[in-house]
1. Output the residues belonging to region 132-165 that are surrounded by fewer than 17 Cβ atoms within 10 Å (Cβ to Cβ), more than 18 Å from Val45 (Cβ to Cβ) and of a type outside the set (D, E, K, R).
2. Given the criteria farther than 19 Å from Leu24 by Cα, of a type in the set (Gly, Ala, Ser) and crowded, with 20+ Cβ neighbours inside 10 Å, does Ala58 qualify?
3. Do we have any residue at all in region 187-198 that's away from the ligand (no atom under 15 Å from the Cβ), touching a strand residue (DSSP E or B) at 6+ places or on another chain (Cβ under 7 Å), closer than 24 Å to Ile90 by Cβ and in contact (Cβ under 8 Å) with a residue 40 or more places away in the chain?
4. Quick test of your reading of the structure: Glu253 fulfils all but one of (1) of a type in the set (Asp, Glu); (2) at pLDDT 95 or above; (3) in contact with a helix residue (DSSP H, G or I) (Cβ under 9 Å, 6 or more places away or on another chain). Name the failing condition by number.
5. Consider region 83-103. How many of its residues are crowded, with 19+ Cβ neighbours inside 10 Å, within 19 Å of Met151 (Cβ to Cβ) and not hydrophobic (A, V, I, L, M, F, W, C)?
6. Out of all the residues in region 95-110, which are at pLDDT 95 or above, within 12 Å of the ligand (Cβ to nearest atom) and either more than 21 Å from Lys153 (Cβ to Cβ) or not hydroxyl-bearing (Ser, Thr, Tyr) (or both)?
7. Please give the number of the condition Arg23 fails out of (1) in contact with a helix residue (DSSP H, G or I) (Cβ under 7 Å, 6 or more places away or on another chain); (2) closer than 26 Å to Asn147 by Cα.
8. Report yes if some residue within region 73-95 is part of a loop (DSSP other than H, G, I, E, B) and over 28 Å from Cys134 (Cα atoms); otherwise report no.
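The values are calculated or read from the model by the stated rules, or taken from the named source; none is laboratory data. This one's a predicted model, so the numbers in the text were calculated from it and none came from an experiment. We place every Cβ from the backbone using ideal geometry, glycine too, and count neighbours over all the protein chains shown.
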Amino acid sequence: MTIQENEERDEYIFSREFKDSARLHLQHWMWKFRLGWSIHPAIPVPQFFKEGELFRIADIGTGNGCYLTEVNHELNPLQRSHIHLHGFDISSNQFPHPAWRPSNLRLSVFDAFGPIPDKYIGAFDIVHVRAFTCVVKGNDPGSLITNAWKMLKPGGHFQWDEMDSATFAATSPNEETSNHYTKLLLEKFQAGCKGVGLQFGWVSQLAEHFQKNGFAVRDSIRLPISDELRKASTDNFLMGLEDMGKVLTERDERILESKRQFNENFMQALQETGKGVSLHMEMVIVVGRKDPSEQ
Ligand SMILES: C[S@@+](CC[C@H](N)C(=O)[O-])C[C@H]1O[C@@H](n2cnc3c(N)ncnc32)[C@H](O)[C@@H]1O
């Protein structure tokens, strides 16, 4: 599929400009702060290599490549010469310029739900996906999980880190501070997502989806917000909501009632978050392994 055909099929609810990329960097930092690792500790990453041996890690829906950039940063020089990192996204808009990428990092345009080019079948030791809650349509991540399975070598690992949008909530810091308008904004978010085919029940069933598609589940974690991340989380989700409001109202005003109403509600929510109302979602991480005897 050509880049142009990919972009025509693209129904992403966020923009891909510098602010959106900056939001992904902030979100990445929140993940790292909360988890303390990039690759789940149950996934073995080799320290020693035979001559010519390669270990390959893919990141599907890589955005600006911040996850793989961090993974590369954590590797030692020997690992960097044997571990190849490959990020895939339906759009190259947020990719860093090739001059600034590490030499073992490649970035390619690719539809995560489309057919997998032959050269990527059975090619990877680890496949990683993160923050696809607003990408998976029809409440079913099955086709993406099947694609990850196809891309993995026998015995390879699949790690999916997700923000569970079904748990998106607004919490007041005390009884005196109202969260009324922030909750209204979240109702508009949920209605808008539903209007474009995004439902979030699948996130709580992610481990079952892994099993259904042949993976042995190695770990399944759900983490609530931690108080030390509440400010960063609120800033991150406000940026996301503002951008989504812009994108969806420009696409079709009716998805979010009207541009004027959404913007008014957003400004009211800003008053409340300025007084300490916190926006947060739970994080979900599932790790699965492809059976070593499966091709
Ligand atoms: C919320 S961002 C997450 C980016 C990255 N995974 C991270 O955690 O920083 C979702 C990404 O999925 C990409 N995306 C949307 N639809 C896609 C598709 N069908 N195939 C591949 N990537 C897609 C978007 O372009 C965007 O970069």
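1. Gly138, Asn139, Gly142, Ser143, Thr146
2. On the way: farther than 19 Å from Leu24 by Cα: no; of a type in the set (Gly, Ala, Ser): yes; crowded, with 20+ Cβ neighbours inside 10 Å: yes.
Spelling it out, it is not the case that Ala58 is farther than 19 Å from Leu24 by Cα, of a type in the set (Gly, Ala, Ser) and crowded, with 20+ Cβ neighbours inside 10 Å.
3. no
4. Going through the list (1) of a type in the set (Asp, Glu); (2) at pLDDT 95 or above; (3) in contact with a helix residue (DSSP H, G or I) (Cβ under 9 Å, 6 or more places away or on another chain), Glu253 breaks only (2).
5. Summing the residues that are crowded, with 19+ Cβ neighbours inside 10 Å, within 19 Å of Met151 (Cβ to Cβ) and not hydrophobic (A, V, I, L, M, F, W, C) in region 83-103 gives 3.
6. Once the filter is applied, which keeps residues that are at pLDDT 95 or above, within 12 Å of the ligand (Cβ to nearest atom) and either more than 21 Å from Lys153 (Cβ to Cβ) or not hydroxyl-bearing (Ser, Thr, Tyr) (or both), region 95-110 yields Phe95, Leu107, Val109.
7. (2)
8. Kept after step one, since they are part of a loop (DSSP other than H, G, I, E, B), are these residues of region 73-95: 75-76, 90-95.
Within this subset, residues satisfying the condition of being over 28 Å from Cys134 (Cα atoms) are 75-76.
Yes, the conditions are met somewhere in region 73-95.
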